[in-house]
Amino acid sequence: DKGGWSSFMAKEVSEEPEAVAKTVLGRVRDGAVVIPELDGLDELFAGISRVVVIACGTAAYAGQVGKYAIEQWARIPVDVELAHEFRYRDPVIGPDTLVVSISQSGETMDTLMAVKYAREQGARTLSICNTQGATIPRESDAVVYTHAGPEVAVASTKAFVAQITALYLLALHVARVRGSMTAEQIARETHELEAVPEKISTILEREQERITQLAGWMADTRSVLFLGRHVGFPIALEGALKLKEISYIHAEGFAAGELKHGPIALIEPGQPVFVIVPSPRDSTLLHDKVVSNIQEIRARGARVIVIAEEGDASVLPFSDEVLRIPLAGALFEPLLAVVPLHIFAMGLATAKGLDVDQPRNLAKSVTVE
Ligand code: M6R
């Protein structure tokens, strides 16, 4: 039931605040992370020396965002790999490896085969999944469910923000077990996490109409590029995937620092480029580097659409459009910056008269390898 929305995707994007809130619900108490599903696993978390995240598509981008949080908070090295690549390359894993799989459906065959393989190699396995009782969680040692509710549209949206949320909760839980953060430090981050749903709602209220309009004007665009740095990089990849998937437009995401190593050659007058700008408050260095990337592409005629924090005026002289997100700590920006990109992909596909819920050639759940 679309509940009055024009598509399931529109409904599910509108549920992004709730997807985060419900995934946090009952798992944060007085600033501490409480995940009953992980009771009795302290020894496992204390004993691992690395984490390998495996997933496909959008879930893999959530994993890439999660890597920053797990490394920063829990101080464990994390590799993120596409499940189908991991499975067929003789990876070095063992009992000290925690393999975290991420899957909305819990039925993705590529991910399932990789989880089974990891277990056979003696690794410990934890599943982050949105579907109760699905095959992947059943095949894993532990599961942390995302509570995004059923996702029907082929394009994953609310599950993505819920996956990042679950990874952050996991990272903070492991940080507590391993003693890499104090209770106060954890409380500061859980507080930030609890504030995310409201901030996503603000974006939906303030920017949705304008982004949809912008997408409508761009219905004839043949190619769109996305740039991001640090946690903004996987968000750029996610923005590009969503556009390819439902609007059939060529799109690519790049790490902003990679521009001069090749992609800048693609920039010609009129080329639309989305740039995710890190907050200037957390790292002026990172922020200023991205702003100088914007200047470089602008000088070559790119049409620059930036996603930037409220109040960041430094981007104004070099941007054609500025989409605003509320202030948040650096690691929480991806949960906000992705929202305009989901709205944009949906707006563009709609403007082209396409079925946003059922894109050609794709299935919601990929149950073959
Ligand atoms: O059900 P899963 O999370 O395992 O699915 C993984 C990918 O197939 C999925 O995220 C896909 O990339 C989406 N259609 C992207 O929007």
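The values are calculated or read from the model by the stated rules, or taken from the named source; none is laboratory data. Nothing here was measured: the structure is a model prediction, and the numbers come from that model. Because the Cβ atoms are built from the backbone with ideal geometry, glycine has one as well, and the counts that use them run over all protein chains shown. Each accessible area value is taken on the protein alone, full model and side chains, heavy atoms only, with ligands, DNA and RNA left out. Shrake-Rupley method; radii C 1.70, N 1.55, O 1.52, S 1.80 Å.
What are the residues in the stretch 145-163 that are outside any loop (DSSP other than H, G, I, E, B) and either touching a Leu at 6+ places or on another chain (Cβ under 6 Å) or open to solvent by 10 Å² or more (accessible area, probe 1.4 Å) (or both), if any?
Of everything in the stretch 145-163, those that are outside any loop (DSSP other than H, G, I, E, B) and either touching a Leu at 6+ places or on another chain (Cβ under 6 Å) or open to solvent by 10 Å² or more (accessible area, probe 1.4 Å) (or both) turn out to be Tyr145, Val161.
Which numbered condition trips up Ala155, out of (1) touching a strand residue (DSSP E or B) at 6+ places or on another chain (Cβ under 9 Å); (2) within 13 Å of the ligand (Cβ to nearest atom)?
The single condition Ala155 does not satisfy is (1).
All but one of (1) within 22 Å of Met9 (Cβ to Cβ); (2) open to solvent by less than 40 Å² (accessible area, probe 1.4 Å); (3) assigned to a helix (DSSP H, G or I) hold for Val174, so report the exception by its number.
Only one criterion in (1) within 22 Å of Met9 (Cβ to Cβ); (2) open to solvent by less than 40 Å² (accessible area, probe 1.4 Å); (3) assigned to a helix (DSSP H, G or I) is unmet by Val174, namely (1).
Give me the pairs, please: first residue somewhere in the stretch 103-127 and without any contact (Cβ under 8 Å) to a residue 24 or more places away in the chain, second residue anywhere and open to solvent by 20 Å² or more (accessible area, probe 1.4 Å) and within 15 Å of the ligand (Cβ to nearest atom), beta-carbon distance under 8 Å, and either six or more positions apart or on two chains.
Lys116/Glu139; Arg119/Glu139
Could you list all residues from the stretch 78-91 that are in contact (Cβ under 8 Å) with a residue 24 or more places away in the chain and within 16 Å of the ligand (Cβ to nearest atom)?
Val80, Glu81, Leu82, Ala83, His84, Phe86, Arg87
Tell me whether the stretch 268-290 contains one or more residues that are open to solvent by less than 20 Å² (accessible area, probe 1.4 Å), more than 16 Å from the ligand (Cβ to nearest atom), modelled with pLDDT under 95 and not aromatic (Phe, Trp, Tyr).
yes
What's the number of the condition Thr221 fails, among (1) open to solvent by 10 Å² or more (accessible area, probe 1.4 Å); (2) over 23 Å from Asp357 (Cβ atoms); (3) assigned to a loop (DSSP other than H, G, I, E, B); (4) touching a strand residue (DSSP E or B) at 6+ places or on another chain (Cβ under 8 Å)?
Failing condition for Thr221: (2).
In this structure, does Leu98 turn out to be of a type outside the set (Val, Ile, Thr), touching a residue at least 24 places away in the same chain (Cβ under 8 Å) and surrounded by fewer than 24 Cβ atoms within 10 Å (Cβ to Cβ)?
The answer is no for Leu98.
Quick check on the stretch 41-77: of everything there that is more than 16 Å from the ligand (Cβ to nearest atom) and aromatic (Phe, Trp, Tyr), which residue is farthest from Arg87 (Cα to Cα)?
Filtering the stretch 41-77 for residues that are more than 16 Å from the ligand (Cβ to nearest atom) and aromatic (Phe, Trp, Tyr), the one farthest from Arg87 (Cα to Cα) comes out as Trp73.
Return the only residue of Leu335, Leu348, Leu331, Leu316 being within 30 Å of Ser279 (Cβ to Cβ), open to solvent by 50 Å² or more (accessible area, probe 1.4 Å) and assigned to a helix (DSSP H, G or I).
Result: Leu316 is the single residue among Leu335, Leu348, Leu331, Leu316 that is within 30 Å of Ser279 (Cβ to Cβ), open to solvent by 50 Å² or more (accessible area, probe 1.4 Å) and assigned to a helix (DSSP H, G or I).
Select, from Gly3, Gly94, the only residue that is on the phi > 0 side of the Ramachandran plot and either of a type outside the set (Ser, Thr, Tyr) or more than 15 Å from the ligand (Cβ to nearest atom) (or both).
Gly3
Quick check on Arg298: is it of a type in the set (D, E, K, R), open to solvent by 10 Å² or more (accessible area, probe 1.4 Å), more than 16 Å from the ligand (Cβ to nearest atom) and in a helix (DSSP H, G or I)?
So Arg298 passes the test.
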